[in-house]
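Chemist: Input: one structure, supplied below.
The values are calculated or read from the model by the stated rules, or taken from the named source; none is laboratory data. Treat the numbers as computed from the prediction; the structure is a model and nothing was measured. Note that each Cβ is placed from the backbone with ideal geometry, even for glycine, and that neighbours are counted across all protein chains shown.
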Amino acid sequence: MGKGYVILGETTDYLTGETIPLTHDEQARQTIVRCLVEEKGYQKQEITQHRELPVTVDGNTGKARIDFVIRINETAYAIVIYGPGSLVSRQKPAIAAACLIESYTVPVTIVTNGIDAHVLDTDSGKMIGEGFAAIPSRDEATEAISKSALKPVTDKRREKARRILYVMDILTEKECDDACEYCE
């Protein structure tokens with residue numbers, strides 16, 4: 001748990017059944033994953049949470065966090081990145097993460113603040129839907145995977161994605177953590 005989090009108590013993690021600290025961010029994550037399972041039809045075992053993605057740029061290493069990875073028949077179909085505030089500012093680093101977690105481009109990137117969601121085509125970077133209703137259902141995801149070939153990530157795109165993710169996610173979080181030290 002990072003700095004600046006107010007612990008509200010404990011809650012039961014929807015996916016694992018484990019008792020975890022309850023924060024405002026965790027409340028939102030639990031709502032998101034509940035929507036994916038109960039409204040969109042994904043199975044709990046198809047969703048991996050809290051995936052850490054090591055990123056190295058010019059000898060500097062950090063870790064980006066992917067809140068959820070949705071897999072259909074072992075194929076990563078979508079990632080979900082949660083963060084409070086603006087969704088637009090999260091689009092580029094989320095797309096970058098979707099280009100780094102596999103050898104292929106994960107087809108769908110979802111950014112959400114727990115209230116709204118942007119559904120993005122990872123390959124083009126274009127928004128293909130807005131709101132939780134626009135998140136593809138499991139049936140839609142299964143059909144999409146069966147109809148399309150997964151695109152390998154080129155070395156050039158992978159390097160660009162590493163730099164975007166490092167600067168827009170890892171360094172930004174470090175700056176926020178450093179700023180919190182001055183507030184204590």
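Chemist: Give me a count of the residues in segment 30-51 that are in a helix (DSSP H, G or I) and in contact with a Ser or Thr (Cβ under 9 Å, 6 or more places away or on another chain).
Modeler: Result for segment 30-51: 4.
Chemist: Does segment 33-66 hold any residues that are touching a strand residue (DSSP E or B) at 6+ places or on another chain (Cβ under 7 Å) and over 26 Å from Val167 (Cα atoms), and which are they?
Modeler: Within segment 33-66, Val33, Leu36, Tyr42, Glu46, Ile47 qualify.
Chemist: Quick one: how many residues across segment 52-64 are assigned to a strand (DSSP E or B) and surrounded by fewer than 16 Cβ atoms within 10 Å (Cβ to Cβ)?
Modeler: 6
Chemist: Name the residue that is farthest from Thr11 (Cα to Cα), counting only residues in segment 25-40 that are under 14 Å from the mean Cα position of the chain (by Cα) and not acidic (Asp, Glu).
Modeler: Leu36
Chemist: Looking for whichever is of a type in the set (D, E, K, R), in contact with an Asp or Glu (Cβ under 8 Å, 6 or more places away or on another chain), at pLDDT below 95 and surrounded by fewer than 16 Cβ atoms within 10 Å (Cβ to Cβ) here; the options are Lys174, Lys151. Which one fits?
Modeler: On the way: Lys174 fails: in contact with an Asp or Glu (Cβ under 8 Å, 6 or more places away or on another chain).
Just a single option satisfies the conditions, and that option is Lys151.
Chemist: Also: Which count do you get for residues in segment 116-141 that are out of contact with any Ser or Thr (no Cβ under 6 Å at 6 or more places or on another chain), in contact (Cβ under 8 Å) with a residue 12 or more places away in the chain and either under 14 Å from Leu36 (Cα atoms) or among the acidic types (Asp, Glu) (or both)?
Modeler: Number of matching residues: 14.
Chemist: Does Gln27 meet the test of being in a helix (DSSP H, G or I) and surrounded by fewer than 10 Cβ atoms within 10 Å (Cβ to Cβ)? Walk me through how you get there before you give the answer.
Modeler: Working: in a helix (DSSP H, G or I): yes; surrounded by fewer than 10 Cβ atoms within 10 Å (Cβ to Cβ): no.
It is false that Gln27 is in a helix (DSSP H, G or I) and surrounded by fewer than 10 Cβ atoms within 10 Å (Cβ to Cβ).
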